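Down below is the structure, laid out as structure tokens.
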Amino acid sequence: MDVTLHLAQDPEADELLGRSPLAALVGMLLDQQVPMEWAFKGPSTIARRMGAEDLDAHDIAAYDPDAFAALLSEKPAVHRYPGSMAGRVQQLCRYLVDTYDGDAEAVWRGVDSGKELLKRLQELPGFGKQKAQIFLALLGKQLGVRPEGWREAAGAYGQADSFRSVADITGPESLTKVRAYKQEAKAAAKAKASGG
């Protein structure tokens, strides 16, 4: 895995996301209740604060939980909820250590079908169906991981030429389109909820 992603809109953070399967997974995990650039810059910030070039699932899993929460809480914080997200990142890394010997790429390496890949992603702590489908779409659209049926398994996020999620962000222009789509979807959901 060595591609250029543009999710953090920050060259150093995006370089790490493009070469580190664990950084990409952690960025996706952090992508909730904060702007996506902030979420995807998180892995680079965590690595730098740990004095490392990359994230290591074994190191994060073994880190003292209070110290790890403090590391994510340093200003500027890695997330709006740094303490709870620190726990989630450690939970994800513990799962990867226990299930895949800490090798994040093993989650998708050699998977034969999109259905199986979606199942594996949904088994990750913090990855519900929607987050798993978005990450599956990111793997297929930008990281070259395309097992048979991956687009179908990713649902609407797998559609070609769409601007629904981080899977479709390749630069500032597509980021603007994804933001517009999300705002429209939010407005439509709000209108539906209020009976309008």
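With the highest mean first, a sort of the peptides 82-94, 178-190 on other beta-carbon atoms found within 10 angstrom per residue produces 82-94, 178-190.
Take the Cα of Met50, step 7 Å toward its Cβ, do the same at Ala189, and the gap between the two points is 3.1 nm.
In this structure, the pairs whose alpha-carbon distance is over 32 Å, taken from Lys115/Lys182; Lys115/Lys186; Lys75/Lys115, are Lys75/Lys115. As a length-normalised measure over Cα pairs under 8 Å and 6 or more apart, the relative contact order of the chain settles at 16 percent. Translational diffusion of the stretch 42-85, estimated by Stokes-Einstein from the Kirkwood radius over alpha carbon pairs at 10 °C in a medium of 1.306 mPa s, is 152 µm² per second. According to the Kirkwood relation over distinct C-alpha pairs, the hydrodynamic radius of the stretch 79-156 is 12.9 Å.
Calculated mean residue ellipticity at 222 nm for the chain: -18500 deg cm²/dmol, from DSSP H runs with n ≥ 4 weighted as -39500 (n - 2.57), summed, divided by the residue count and rounded to 500.
Summing +1 for each Lys or Arg and -1 for each Asp or Glu among the other residues whose beta-carbon sits under 11 angstrom from that of Val34 gives 0.
Taking only the Cα atoms of the stretch 1-117, the ratio Rg/Rh comes out at 0.95, with Rh defined as the Kirkwood radius. Provide the gained length on full extension for the span Ser84 to Arg146, in nm with one decimal, where the gain is 0.36 nm per separating residue minus the Cα-Cα distance. Taking 0.36 nm per residue and subtracting the Cα distance, the gain is 19.1 nm. A full extension of the chain between Ala160 and Asp59 corresponds to an added length of 32.6 nm, given 0.36 nm per residue minus the alpha carbon distance. Legend: calculated FRET efficiency, Lys182 to Ser73, from the Cβ-Cβ distance at R0 = 25 Å, rounded to 0.05, equals 0.35. Per the Cα gyration tensor, the chain maps to an equivalent ellipsoid with semi-axes of 26, 21, 16 Å, ordered largest to smallest.
Taken together, the values in this text are just the output of simple stated rules run on the coordinates, not laboratory data. Owing to the predicted nature of the structure, the values given are computational and were not obtained by experimental measurement. Virtual Cβ from ideal backbone geometry, glycine too; neighbours counted across all protein chains shown.
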